[in-house]
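Take a look at the following structure, please.
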Amino acid sequence: MEVAVGQKHKQLEFAVASVSELASPSSKISTSSTVVACFGFDSGVAEVRFYRESNPDEALHVALPTSRLFKLSPVESVCISEGSETGKQQSYSRAITIQFRKDEESRAFHCAFEQWKKEVVIQGSCFQNGTLSASKSKFDDKIELSSAKMYFHYYGQLLHQQNMLQDYVRTGTYYAAVIENRTDFVGRVVVDVGAGSGILSLFAAQAGAKHVYAVEASEMAEYARKLIAGNPFLGERITVVKGKIEEVELPEKADILISEPMGTLLVNERMLETYVIARDRFLVPNGKMFPTNGRIHMAPFSDEYLFVEIANKALFWQQQDYYGVDLTPLYGSAFQGYFSQPVVDAFDPRVLVAPAISHVIDFTSIKEEDLYEIDVALKFTASVGVRIHGLACWFDVLFDGSTVQRWLTTAPGAPTTHWYQLRCILSQPLYVMPGQEITGQLHMIAHNAQSYTIHLTMSTKMWGPGAGQGGILQTSSCKLDLKEPYYRMSQPQPYSNAQDQLTQNLLNTQEIQIQSRDEELSEWMQEPSLNFDAELH
Ligand SMILES: C[S@@+](CC[C@H](N)C(=O)[O-])C[C@H]1O[C@@H](n2cnc3c(N)ncnc32)[C@H](O)[C@@H]1O
């Protein structure tokens, strides 16, 4: 795949101990502040730029097409550059020594150096054809640049990482899954896929990992470096690599991957695809994945209160004399708009009217492309006679450790997580009798704004007196955008789970509110014109 010259956003960063030019030792960029080595492009030429984190404007630039890198010791290398060729002899006029803090950092740097030199060769050859280009990563191929920018901007902020860290059900389950399965980590190489603050890398190091590569694409990588440096006993076995999983090169394969790639309904954010790409790029055959698989659970629900609440939102547009203006021409669109938003909140499991079914996603074997379109056939048997208002969904993931199997669940009735649960509401509810079958389809299609369009169809067949020979078929459908849910958690909840409250209080001595990760994310990522709720209130 080729991409235009303007692909400046593609870059990769490392922390190194110090850098100095041999001819001018005074140019040394040393350890008083972190020294960053950043691979990128300058005027279409691949380069590595060294600078102090505290002063990015003062940098040493090394053009890669004319450079070579040699190891002097496990933690010291020399980079010679600006060569000229006379006959068979190659001469170099500049040498830069690079001091690394550890062997793995040095190996990761060498690996990236060689990879970026190859990019230059591709570019060079294309340049001769008049179309300077660089290989485009799988991520850039399928995700809109504006979506990715906002996404990584969001994750680059500590407050959003803190929100996830303060979901103690989530973080505590990860901690237990890692620590109770030490045997899977001791002496092993680990890759942390989307490391964020680096917390899972630190857990893996605590469990005895030989080395952890913490790969993080957002600016959070700098904070992860700081956190890891501040925990030196663990940090000496962790290397932070700033870049996208789809683009970075690592010096060795991993025995185990660890990641937290789950979004609302498991698949939102499309980070599961990144997790699967990491498996294909970095995991040894039969290596372990934490988590190992995930399940989306679905069941029909009946919630008259929620249905009326949503339907009432559109009533505003039924006014015929709003300051002398008839608003009714927009009523239909407003009604449709409200019913195209999946609802995120914590609901009472008693609203479910049939046993749930599940769709399993095995992270160790699924193909990345299989996540582009997910199709689930629905079949339930109603346990009561009620009006069905739609489909309720939640998910769980399994850590299939060698010692202990741990589940992280977001089920209704279980301690609440920042994912809550999700409900797709039908604008035309269905009526069912006890024992009646409900069939349908949940079809989810990934889109380039890191989410999914959901198509839901639910049907029931009514038999018996007056229904005729073929029965009466009722069908109701809706189309929803997973990226634009209605976050209902701030509304008064008809249901409060005592066990949930207790767990929260026990885990959390401070008064801390967990915000839905996607609620915050969507504030960043939604275009105002698409944010129906924001428009109306
Ligand atoms: C849900 S957060 C989890 C952070 C951390 N692992 C934790 O458990 O607290 C996901 C992180 O993955 C990063 N991320 C998402 N897609 C990525 C990609 N393609 N390459 C590298 N990092 C990515 C995000 O920037 C974010 O920090």
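Considering only residues that are over 10 Å from Ala209 (Cα atoms) and charged (D, E, K, R), look in segment 168-192 and name the one that is farthest from the ligand (Cβ to nearest atom).
Among those residues, the one meeting the criterion is Glu180.
Among the residues of segment 255-266, how many are within 23 Å of Arg182 (Cβ to Cβ), open to solvent by less than 10 Å² (accessible area, probe 1.4 Å) and more than 12 Å from the ligand (Cβ to nearest atom)?
Residues meeting the conditions: 1.
Looking only at segment 204-234, which residues are open to solvent by 10 Å² or more (accessible area, probe 1.4 Å) and away from the ligand (no atom under 14 Å from the Cβ)?
Result: Gln206, Gly208, Lys210, Lys226, Ala229, Gly230, Asn231, Pro232, Phe233, Leu234.
Same structure again: Could you check Gly196 against (1) farther than 28 Å from Thr403 by Cα; (2) among the small types (Gly, Ala, Ser); (3) within 9 Å of the ligand (Cβ to nearest atom) and say which number it fails?
All conditions pass for Gly196, except number (1).
Each row is one residue, and each column tells you yes or no for (1) hydroxyl-bearing (Ser, Thr, Tyr); (2) out of contact with any strand residue (DSSP E or B) (no Cβ under 8 Å at 6 or more places or on another chain).
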{"residue": "Ala217", "(1), (2)": "no, no"}
{"residue": "Asn231", "(1), (2)": "no, yes"}
{"residue": "Thr239", "(1), (2)": "yes, no"}
{"residue": "Tyr275", "(1), (2)": "yes, no"}
{"residue": "Arg279", "(1), (2)": "no, no"}
{"residue": "Met298", "(1), (2)": "no, no"}
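Then there's this: Condition test on Phe380, is it within 30 Å of Lys142 (Cα to Cα) and among the aromatic types (Phe, Trp, Tyr)?
So Phe380 fails the test.
Could you check segment 267-289 and list, in sequence order, the residues that are over 20 Å from Lys142 (Cβ atoms) and either open to solvent by 30 Å² or more (accessible area, probe 1.4 Å) or within 11 Å of the ligand (Cβ to nearest atom) (or both)?
Passing the criteria: Val284, Pro285, Asn286, Lys288.
Moving on. Please go through segment 171-198 and give me each residue that is under 18 Å from the mean Cα position of the chain (by Cα) and either within 22 Å of Glu247 (Cα to Cα) or aromatic (Phe, Trp, Tyr) (or both), ordered by number.
Within segment 171-198, Tyr174, Val191, Asp192, Val193, Gly194, Ala195, Gly196, Ser197, Gly198 qualify.
Of the conditions (1) over 20 Å from Met458 (Cβ atoms); (2) assigned to a loop (DSSP other than H, G, I, E, B), Val360 satisfies every one except a single condition; which number is it?
Condition not satisfied by Val360: (2).
Looking at Phe139, is it farther than 26 Å from Thr410 by Cα, near the ligand (Cβ under 8 Å from one of its atoms) and in a helix (DSSP H, G or I)?
Spelling it out, Phe139 is indeed farther than 26 Å from Thr410 by Cα, near the ligand (Cβ under 8 Å from one of its atoms) and in a helix (DSSP H, G or I).
Matching residues to (1) in contact (Cβ under 8 Å) with a residue 12 or more places away in the chain; (2) touching a Gly at 6+ places or on another chain (Cβ under 7 Å):
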position: Phe233; (1), (2): no, no
position: Thr239; (1), (2): yes, no
position: Ile256; (1), (2): yes, yes
position: Thr264; (1), (2): yes, no
position: Leu272; (1), (2): yes, no
position: Pro285; (1), (2): no, no
position: Gly294; (1), (2): yes, no
position: Lys313; (1), (2): yes, no
position: Gln319; (1), (2): no, no
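The values are calculated or read from the model by the stated rules, or taken from the named source; none is laboratory data. Everything quoted here is computed from the prediction, not taken from an experiment. When we count neighbours, we look across all protein chains shown, and the Cβ atoms used for this are built from the backbone with ideal geometry, even at glycine. What goes into the accessible areas is simple: the full protein's heavy atoms, side chains included, and nothing from ligands, DNA or RNA. Shrake-Rupley method; radii C 1.70, N 1.55, O 1.52, S 1.80 Å.
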